[in-house]
Amino acid sequence: MRTEIATLGEFGLIRHLTEGIELKNKSSQYGIGDDAAVLSYPEKEVLVTTDLLMEGVHFDLVYTPLKHLGYKSAVVNFSDIYAMNGTPRQITVSLGISKRFSIEEMEELYAGIRLACEEYDVDIVGGDTSASYTGLTISITCIGEAEKGKVVYRNGAKETDLICVSGDLGAAYMGLQLLEREKAVLKGADKDLQPDFAGKEYLLERQLKPEARRDIIQKLAEEGIQPTSMMDISDGLSSELLHICTQSKAGCRIYEEHIPIDYQTAVMAEEFNMNLTTCALNGGEDYELLFTIPIADHEKISAMEGIRLIGHITKPELGCALITRDGQEFELKAQGWNSLQEEISVEENESPS
């Protein structure tokens, strides 16, 4: 069944997609249904972030299910709030929709957004829809809160601070390479022919359905550890670490042997004849947390599961470098994905910098 969006119109579509939404957070005073939402944040710092996702630039609907896309669109915004040591509370969702989409397809997209909001206890409090001549456009704004004095910025890293990362890196990029390969292989083939992704499920999940690291923020709070700087890894470890060092007016040393990489990522990199470390440094879309902590918290952080110590902050004049397994030093460069430029190239013989 396919129902044209024109049968409902703009406001009818919004009502249809947001029907039954109940507000959970005390800070959400009034949500969808008026000219603006009403939020209340007494005694809190208010955090606001926004992401714009364009079809053909940020996602490909050939291999991205709409429900997964909706989920990911919301989660990447939550991740930005957690990266400030905050808690996401509300989102607004705006969609640019071309005529090729039906109401049923928009229901799928919104089902993913609503599922993410249920998982992370976030309220949908507003949004907009518009016709689009360039495919599907998704713009989500997320509002969050943090205790006063607890917000963590990118500019607080100090000399001798330890550099930590959650989870593992490079898996989302390998998942993207896998999907792009299968898309190319199956182009023009029988529609009933399906790719075999057995044994590669983790890579696909990291690309299509990432999770924000709320658990890490909670663990750090429980242990009484407040990072001195923090970012989420959306554009690649190298790029994000250089942001922290630039804004903190510091240098860094990270060690190749300590960069966390999943087994499936390593197998896939070998299959694609790619340099594994380069993929982990520059792949992006991992949405793991990169943060620095005072050296005094070394014992606490070493005992925490899911966090890896990968290096330390140095004086700015020492620059930013990767120390390879054989002791060589390579300058770190921001080679991560940039939507305004071409995608990164990672060849087998390229230096891991």
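Computed values, structure above
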{"quantity": "Which label in (i) 59, 45, 39; (ii) 108, 75, 32; (iii) 65, 58, 32 gives the computed Cα extents along the principal axes in Å", "calculated": "(iii)"}
{"quantity": "Carbon + sulfur, % of accessible area of the chain - ligands and nucleic acids excluded, 1.4 Å", "calculated": "49 percent"}
{"quantity": "Nearest 10 degrees, 0 to 90: helix 103-120 Cα axis against the chain principal axis", "calculated": "50 degrees"}
{"quantity": "Average accessible surface area per residue within the range 204-273, 1.4 Å rolling probe, Å²", "calculated": "41 Å²"}
{"quantity": "Among beta bridges that DSSP assigns inside the range 202-336, antiparallel share in %, nearest 5", "calculated": "75 percent"}
{"quantity": "Inter-site label distance for Asp196 and Lys99 at 7 Å from Cα along Cβ, in nm", "calculated": "4.3 nm"}
{"quantity": "Cβ crowding within 10 Å averaged over residues, with 156-167, 289-300 ranked highest first", "calculated": "156-167, 289-300"}
{"quantity": "Protection-proxy order for peptides 13-23, 197-207, 174-184, each taking the mean of Cβ atoms within 10 Å per residue, highest first", "calculated": "174-184, 197-207, 13-23"}
{"quantity": "Set of lysines near Lys44 by C-alpha distance (under 22 Å), chain-local residues within fewer than 8 positions excluded", "calculated": "Lys24, Lys26, Lys148, Lys150, Lys219"}
{"quantity": "Solvent-accessible ranking of Phe330, Phe11, largest area first, probe 1.4 Å", "calculated": "Phe11, Phe330"}
{"quantity": "Fully extended contour minus Cα-Cα distance, from Glu4 to Ala266, at 0.36 nm per residue", "calculated": "89.8 nm"}
{"quantity": "Of Lys72/Lys300; Lys200/Lys315; Lys67/Lys183, those spanning more than 30 Å from alpha-carbon to alpha-carbon", "calculated": "Lys72/Lys300; Lys200/Lys315"}
{"quantity": "C-alpha long axis of helix 171-186 to longest principal axis of the chain, angle in °", "calculated": "50 degrees"}
{"quantity": "Around Met84: net Lys/Arg minus Asp/Glu count, Cβ-Cβ under 12 Å", "calculated": "-3"}
{"quantity": "Peptides ranked, highest mean first, by Cβ atoms within 10 Å: ranges 121-130, 40-49", "calculated": "121-130, 40-49"}
{"quantity": "On Cα atoms only, tilt of 66-82 relative to the major axis of the chain in degrees", "calculated": "50 degrees"}
{"quantity": "Rough spin-label spacing in nm, given labels placed 7 Å along Cα→Cβ, for Glu180 and Ala131", "calculated": "3.4 nm"}
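The values are calculated or read from the model by the stated rules, or taken from the named source; none is laboratory data. Being a predicted model, the structure only gives us computed values, none of them experimental. Here Cβ is always computed from backbone atoms with ideal geometry, including for glycine, and neighbour counts include all displayed protein chains. What goes into the accessible areas is simple: the full protein's heavy atoms, side chains included, and nothing from ligands, DNA or RNA. Shrake-Rupley method; radii C 1.70, N 1.55, O 1.52, S 1.80 Å.
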